[in-house]
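Here's the structure we're looking at; comments come further down.
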Amino acid sequence: MKLTEKELEIVEIVEKNARIPLDTLAKMTALTVEEAESILKKLEETKVIVQYATIVDWRKIDGHEGVTAMIDVKVTPKRGVGFDEVAERIYRFPEVKSVYLMSGAYDLSVVIEGRSMAEVAHFVSEKLSTLDSVISTTTHFILKKYKHDGTVFDQGDQDRRIVVAP
Amino acid sequence: MTRATKTYVSETVSRLKPSGIRRFFDLAASMEGVISLGVGEPDFVTAWSVREACILSLEQGYTSYTANAGLLELRQEISSYLSRKFGLFYRPEGEVLVTVGASQALDLALRAIVNPGDEVIVVEPSFVSYGPLVALAGGVPISVRTNGADQFKLRPQQIEEVVSSRTKALILCSPNNPTGTVLNQEDLAAIARLVEKYDLLVISDEIYAELTYDEPYTSFPAVEGMRERTILVSGFSKGFAMTGWRLGFVAAPEEVLQAMLKIHQYTMMCAPTMAQYGAIEALKNGEHDVDEMRKSYRRRRNYFVQSLNDIGLHCHLPGGAFYAFPSIASTGMASEQFAERLLLEEKVAVVPGSVFGASGEGYVRCSYASSLEQLQEAIKRMKRFLSRL
Ligand SMILES: Cc1ncc(COP(=O)(O)O)c(C=O)c1O
């Protein structure tokens with residue numbers, strides 16, 4: 001799909017800030033509010049914009065620390081559907097945040113979020129490793145998130161400039 | 001003579017007025033929670049690859065002087081940058097000089113060409129240092145007042161009105177600080193005709209050349225016949241977000257450049273070495289970062305200028321730099337008073353237009369090199385301020 005310059009500009013702006021007020025967005029792109037709104041709508045309808053996401057630093061919220069694990073999964077591909085069928089069975093579990101087909105030492109990379117280590121362990125041993133095509137799993141727990149989806153957590157982004165300057 | 005009547009300070013320096021920006025700085029610095037639109041520099045931090053190149057040069061121990069004119073590799077990069085971007089050809093040996101900011105380049109240019117009493121035309125509203133630098137070089141600054149109704153463009157007849165047998169040079173600044181006004185090819189060609197007619201030199205301050213948003217940029221020496229009459233001053237501060245590095249450059253015909261080099265070698269020796277290594281990286285691989293910053297400034301300009309107009313502060317759409325220069329005439333206040341009250345009552349710092357020369361009276365300079373959230377908040381506060389008047 002080929003986007004116009006204005007459409008592309010709107011995608012770039014809302015990708016960084018989904019909550020930008022419509023009138024601000026219109027002014028930034030030198031469009032009327034109606035024009036900006038209709039472009040946004042079109043982008044949503046055509047699924048160029050898939051979803052407006054929020055990145056939360058859960059560590060900051062008491063009782064919500066949670067754990068994230070990345071699991072390397074080796075599977076036997078099935079004739080006719082390759083990896084797609086097993087990938088689909090895995091991504092249907094609500095605990096699963098993302099699934100990628102990888103090249104290299106293993107086939108699928110699966111990201112799981114759970115309330116505790118025990119919960120993740122339970123998922124891996126009871127649900128994931130028992131799937132027919134799964135040959136092996138290797139679980140890595142994430143100890144600390146520094147940067148996620150392009151956003152740096154707790155970055156010192158204060159303005160270091162003096163207040164008035166030439 | 002007794003101490004009470006004697007001053008050690010030279011008459012030239014005694015006569016210089018302190019920068020009006022300084023006064024506002026002192027006032028704003030004493031307050032907390034100020035939203036600053038008073039800053040004449042990018043809100044971006046220098047690109048990481050540039051910082052990294054500088055760190056690497058330190059790790060490798062490049063901590064000594066460079067050639068007076070600057071690292072040859074940097075001059076070569078500057079030369080190819082000028083040719084790639086603006087179609088200009090300057091020899092890295094002999095026609096390019098690396099300086100301590102565009103500021104030093106301006107100082108060198110004036111000292112290299114001004115004889116005592118020579119007049120230099122300064123187009124107002126102007127960057128605060130032009131007039132004082134002319135005076136320090138022993139010259140006489142002659143103001144030309146552009147006006148808001150004409151988007152602060154310099155018109156040829158305005159040069160004719162002030163030119164005299166003593167006029168040596170003209171300082172051009174496009175995009176301009178504080179108005180953001182850009183002179184396009186047509187405007188520059190018209191000025192060039194008079195430059196030829198009156199046999200003037202031009203100091204073209206193109207420090208904001210990377211930051212233009214609407215039309216392709218024309219560099220003054222690229223105008224026919226002007227290369228031999230122009231001292232091109234530029235640098236890394238604004239386009240590359242490198243204000244603190246103190247690195248600029250000049251490109252000029254050999255005779256003038258060598259004269260500037262003479263002063264530079266006695267007064268400065270060379271620009272900081274580590275900054276020069278950073279600048280090489282900026283010119284080699286910095287284009288993407290500059291593009292991203294330019295895009296961001298353009299969006300913020302669009303938002304901010306339209307919002308100013310919406311709240312009743314009329315403002316032309318500036319074609320470059322990162323300043324909006326709205327008229328505050330509707331408030332009936334002088335620009336000093338407006339800026340001071342806005343700061344004290346709503347904690348928004350802007351710079352009174354009068355500090356950029358008499359023709360800046362009735363306007364204030366707002367830098368939109370701030371985060372969108374800050375700009376939105378500033379507009380909210382300015383609107384509240386105006387509604388109380
Ligand atoms: C028009 C103009 N020229 C020159 C300079 C100085 O630049 P530098 O930081 O390279 O000395 C500035 C800085 O505000 C400026 O606005």
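Just so it is clear, none of the values below were taken in a lab; they were calculated from the coordinates. Nothing here was measured: the structure is a model prediction, and the numbers come from that model. Backbone-built Cβ (ideal geometry, glycine too); neighbour counts: all protein chains shown.
Out of every Cα-Cα pair that region B:190-321 contains, those further apart than 22 angstrom amount to 53 percent. To the nearest whole percent, what portion of all C-alpha pairs in region A:37-85 is separated by more than 16 angstrom? Distances greater than 16 Å cover 71 percent of the Cα pairs.
Want the number for B:Arg341 to B:Glu228: 0.36 nm per residue separation, take away the alpha-carbon distance, what's left?
35.9 nm is the gain from fully extending B:Arg341 to B:Glu228.
In peptide B:38-50, how many Cβ atoms from other protein chains are near each Cβ within 10 Å, on average?
Taking the mean over all residues of the peptide, I get 2.
Just round it to a whole percent: the fraction of Cα-Cα distances in region B:162-244 exceeding 20 Å.
Values: 1131 of 3403 pairs.
When all Cα pairs of region B:162-244 are counted, 33 percent exceed 20 Å.
The DSSP beta bridges internal to the protein assembly as shown are antiparallel in roughly 60% of cases. Relative contact order of chain A, taken over Cα pairs closer than 8 Å and 6 or more residues apart, is 20 percent.
In the elastic network of chain B, a GNM with C-alpha springs shorter than 10 Å, the most mobile of B:Gly70, B:Gly248, B:Gly117 is B:Gly117. Once the Cα atoms are used to define both axes, helix A:5-16 deviates from the longest principal axis of chain A by about 60 degrees. Counting only Cα atoms, the size of region B:251-389 along its three principal axes is 56, 35, 25 Å, in decreasing order.
Find, among the chymotrypsin sites (Phe, Trp or Tyr not before Pro) in region A:1-83, those assigned to loop by DSSP (not H, G, I, E, B) with at most 12 other beta-carbon atoms within 10 angstrom. Listed in order of number, the matching sites are A:Tyr52. The chymotrypsin sites (Phe, Trp or Tyr not before Pro) found in region B:1-106 that occupy coil by DSSP, while having at most 10 further C-beta atoms within 10 Å, are B:Tyr8, B:Tyr65. Summarising the strand pairing of chain B, around 40 percent of its internal DSSP beta bridges are antiparallel.
Note on region B:322-389 and region A:65-142: Cα centroid distance 57 Å, given to the nearest whole angstrom. For A:Lys41, the lysines whose Cα falls under 22 Å of its own Cα, not counting residues fewer than eight places away in the same chain, are A:Lys2, A:Lys6, A:Lys16, A:Lys27.
A straight Cα-to-Cα reach below 21 Å connects B:Lys197 with the lysines B:Lys153, B:Lys168, residues fewer than 8 places away in its own chain not being considered. Summary: within chain B, the longest segment free of GluC sites (Glu not before Pro) located in DSSP loops with at most 15 other C-beta atoms within 10 Å is B:225-389. Remark: mean inter-chain Cβ contacts per residue of B:296-308 equal 4, using a 10 Å Cβ-Cβ cutoff to other protein chain atoms. Using a Gaussian network model on chain B with a 10 Å cutoff between Cα atoms, which of B:Gln337, B:Gln374, B:Gln306 fluctuates the most? With Cα springs under 10 Å in chain B, the top fluctuation among B:Gln337, B:Gln374, B:Gln306 is at B:Gln337.
Taking the longest Cα principal axis of chain A as reference, the axis of helix A:33-45 is set at about 10 degrees.
From the alpha carbon gyration tensor of the protein assembly as shown, can you work out the equivalent ellipsoid semi-axes (sqrt of 5 times each eigenvalue) and give them in Å, largest to smallest? Show your work: numbers first, answer last.
Numbers: eigenvalues 552, 166, 108 Å².
Taking √(5λ) for each eigenvalue gives 53, 29, 23 Å, largest first.
If I take R0 = 35 Å and measure r between the Cβ atoms of A:Gln155 and B:Thr7 in this structure, what FRET efficiency does the formula 1/(1 + (r/R0)^6) give, to the nearest 0.05? Write out the running numbers ahead of the final one.
Numbers: r = 51 Å, r/R0 = 1.45.
Efficiency computed from Cβ-Cβ geometry: 0.10.
Restricting region B:1-75 to trypsin sites (Lys or Arg not before Pro) that sit in a DSSP loop and have at most 15 other Cβ atoms within 10 Å of their own Cβ leaves B:Arg3, B:Lys6. Dividing the convex hull volume of the alpha-carbon atoms in region A:70-166 by its residue count gives 160 Å³ per residue. Legend: Rg and Dmax of chain A, from Cα coordinates, 21.3, 69 Å.
Volume per residue for region B:65-212 equals 122 cubic angstrom (convex hull of Cα atoms).
Count the net charge of all other residues whose Cβ sits under 9 Å from the Cβ of A:Ser133, scoring Lys and Arg as +1 and Asp and Glu as -1. Walk me through the intermediate numbers first.
Values: positive: A:Lys78, A:Arg89; negative: A:Glu85, A:Asp132.
Taking every other residue near A:Ser133 into account, the sum is 0.
When the convex hull of the C-alpha atoms of region A:5-45 is computed, what volume per residue in Å³ does it have? Write down the numbers at each step before the final one.
On the way: hull volume 2.4 nm³, N = 41.
Once divided by residue count, the hull of region A:5-45 is 58 Å³.
Between B:Leu172 and B:Ile203, B:Ser204, B:Asp205, the built amide H atoms are under 5 Å apart, and every one of these is 5 or more places off in sequence or on another chain.
Residues whose amide H comes within less than 5 Å of that of B:Ser143, counting only those at least five positions distant or on another chain, are B:Val122 (H built at 1.01 Å from N in the peptide plane). Note on chain B: GNM, Cα springs under 10 Å; of B:Ser30, B:Ser219, B:Ser296, the largest mean-square fluctuation is that of B:Ser30.
Can you tell me the mean projection area, over all orientations, of the convex hull of region B:136-210's alpha carbons? Units nm², please.
Details: hull surface 21.7 nm².
Hull-based average projected area comes out at 5.4 nm².
Using bins of 10 Å that start at zero, the share of Cα-Cα pairs per bin across region B:68-124 amounts to 20, 41, 30, 9, in whole %. Only helices enter this figure: runs of n ≥ 4 DSSP H residues, each worth -39500 (n - 2.57), summed and divided by the residues of chain A, yield -8000 deg cm²/dmol at 222 nm to the nearest 500. Select from chain B the helices, each a whole stretch of DSSP H, whose alpha-carbon atoms run 15 Å or more along the helix axis and whose Kyte-Doolittle mean is at least -0.5; answer none if there are none. Span-like helices in chain B: B:48-59, B:101-113, B:185-197, B:254-267, B:273-285.
In plain terms, the chain from B:Ser387 to B:Ser80 could stretch by 105.3 nm, reckoned as 0.36 nm per residue minus the Cα-Cα distance. Inter-chain Cβ neighbour count for B:19-32, averaged per residue, equals 2 (cutoff 10 Å, partner chain atoms only). Annotation for A:Gln51 and A:Ile162: the two label points, set 7 Å from Cα along the Cα-Cβ direction, are 4.8 nm apart. Ellipsoid fit via the Cα gyration tensor, region B:99-166: semi-axes of 22, 16, 8 Å, each the root of five times an eigenvalue, largest first.
If the viscosity is 1.567 mPa s and the temperature 4 °C, what translational diffusion coefficient in µm²/s does Stokes-Einstein give for region B:1-118 when Rh comes from Kirkwood over Cα pairs? Present the calculation step by step, with values, prior to reporting the outcome.
Numbers: Rh = 19.5 Å.
Stokes-Einstein gives a translational diffusion coefficient of 66 µm²/s.
Evaluating kT/(6 pi eta Rh) at 4 °C and 1.567 mPa s, with the Kirkwood radius of chain B over Cα pairs in the Stokes-Einstein relation, gives 60 µm² s⁻¹. Per-residue 3J(HN,Hα) values for region B:200-214, derived from phi via the Karplus relation 6.51 cos²θ - 1.76 cosθ + 1.60 with θ = phi - 60°, read 9, 9, 10, 9, 9, 8, 10, 4, 9, 4, 5, 9, 10, 10, 10 Hz in sequence order (x marks Gly and Pro).
Amide H contacts for A:His148 (H built 1.01 Å from N in the peptide plane; partners 5 or more residues away or on another chain; cut-off under 5 Å): A:Phe153. For region B:164-176, the Karplus equation 6.51 cos²θ - 1.76 cosθ + 1.60, evaluated at θ = phi - 60°, returns couplings of 9, 5, 8, 5, 9, 8, 10, 9, 9, 9, 9, x, 8 Hz by residue, with Gly and Pro reported as x.
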